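Student: Below you will find the structure I want to go over with you.
The values are calculated or read from the model by the stated rules, or taken from the named source; none is laboratory data. Everything quoted here is computed from the prediction, not taken from an experiment. As a convention, Cβ positions derive from the backbone with ideal geometry for all residues, glycine included, and neighbour counts pool all protein chains shown. Heads up: the accessible areas ignore ligands, DNA and RNA and are worked out on the full protein's heavy atoms, side chains in. Shrake-Rupley method; radii C 1.70, N 1.55, O 1.52, S 1.80 Å.
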Amino acid sequence: MHPFRKAVESGDIDAVTALLAEDVVFTSPVAFKPYPGKAITAAILRAVFRVFEDFTYVREIANPDGRDHAFVFTATVAGKKLQGCDFLHFDDEGRIDEFTVMVRPLSAAQALAEAMGARFDEIGREAAGQ
């Protein structure tokens, strides 16, 4: 099992954060522009840990050199079942430098957007170290 998957499935957000490169770029399924940087990405992921219920990875796909991974998952947000995928790229040091998330169906993506939007001020303060 990949260390990222192991950290997520065990709920170890500190281990997940340790895998992020300082210059990681997070691309959200519900926001137009990407979020650059480890602090904001870690804060977003901590909020996701609180928003998702019944989170489970169901498939892991990797390219032969191990630098690109796709982790397919299921979860529930505000009573809506969703399917999603974390697309990760790893830099030369084995840190995540690109983190893109996609989810479906639209109703679940909307529930996710609402749940995360309600926490965005908190996410911003956390990323700023406040």
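Student: Could you list, in sequence order, the residues of segment 94-119 that are in contact with a His (Cβ under 9 Å, 6 or more places away or on another chain), crowded, with 17+ Cβ neighbours inside 10 Å and within 13 Å of P29 (Cβ to Cβ)?
Tutor: If the condition is that a residue be in contact with a His (Cβ under 9 Å, 6 or more places away or on another chain), crowded, with 17+ Cβ neighbours inside 10 Å and within 13 Å of P29 (Cβ to Cβ), then F99 is the only one that fits.
Student: Here is a list of conditions, (1) open to solvent by less than 70 Å² (accessible area, probe 1.4 Å); (2) more than 19 Å from I13 (Cβ to Cβ); (3) among the hydrophobic types (A, V, I, L, M, F, W, C), and F52 meets all of them except one; can you say which number that is?
Tutor: With respect to (1) open to solvent by less than 70 Å² (accessible area, probe 1.4 Å); (2) more than 19 Å from I13 (Cβ to Cβ); (3) among the hydrophobic types (A, V, I, L, M, F, W, C), F52 is out only on (2).
Student: State whether the residues of segment 107-129 include one that is assigned to a strand (DSSP E or B), closer than 20 Å to A7 by Cβ, touching a residue at least 12 places away in the same chain (Cβ under 8 Å) and hydrophobic (A, V, I, L, M, F, W, C).
Tutor: no
Student: I'd like the full set of residues that are closer than 12 Å to F99 by Cα, of a type in the set (A, V, I, L, M) and open to solvent by 20 Å² or more (accessible area, probe 1.4 Å), limited to segment 2-39.
Tutor: Hits for segment 2-39 are L19, V25.
Student: Residues of segment 5-35 being aromatic (F, W, Y) and either more than 24 Å from A111 (Cα to Cα) or touching a residue at least 12 places away in the same chain (Cβ under 8 Å) (or both), which ones?
Tutor: F26
Student: Please go through segment 36-53 and pick out each residue that is assigned to a strand (DSSP E or B) and at pLDDT below 95.
Tutor: Scanning segment 36-53 gives a single hit, E53.
Student: If you check every pair at least six apart or on different chains, which have Cβ atoms under 7 Å apart with a residue in segment 75-93 that is assigned to a loop (DSSP other than H, G, I, E, B) first and a residue that is among the hydrophobic types (A, V, I, L, M, F, W, C) and open to solvent by 10 Å² or more (accessible area, probe 1.4 Å) second?
Tutor: Short answer, once both residue conditions are applied: A78/A111; A78/A115.
Student: Now for a separate question. Do we have D86 as at pLDDT 95 or above and within 12 Å of the chain's Cα centre (by Cα) here?
Tutor: yes
Student: Now a separate question. State whether one or more residues within segment 56-69 are of a type in the set (A, V, I, L, M, F, W, C) and open to solvent by less than 30 Å² (accessible area, probe 1.4 Å).
Tutor: For segment 56-69, residues of a type in the set (A, V, I, L, M, F, W, C) and open to solvent by less than 30 Å² (accessible area, probe 1.4 Å): absent.
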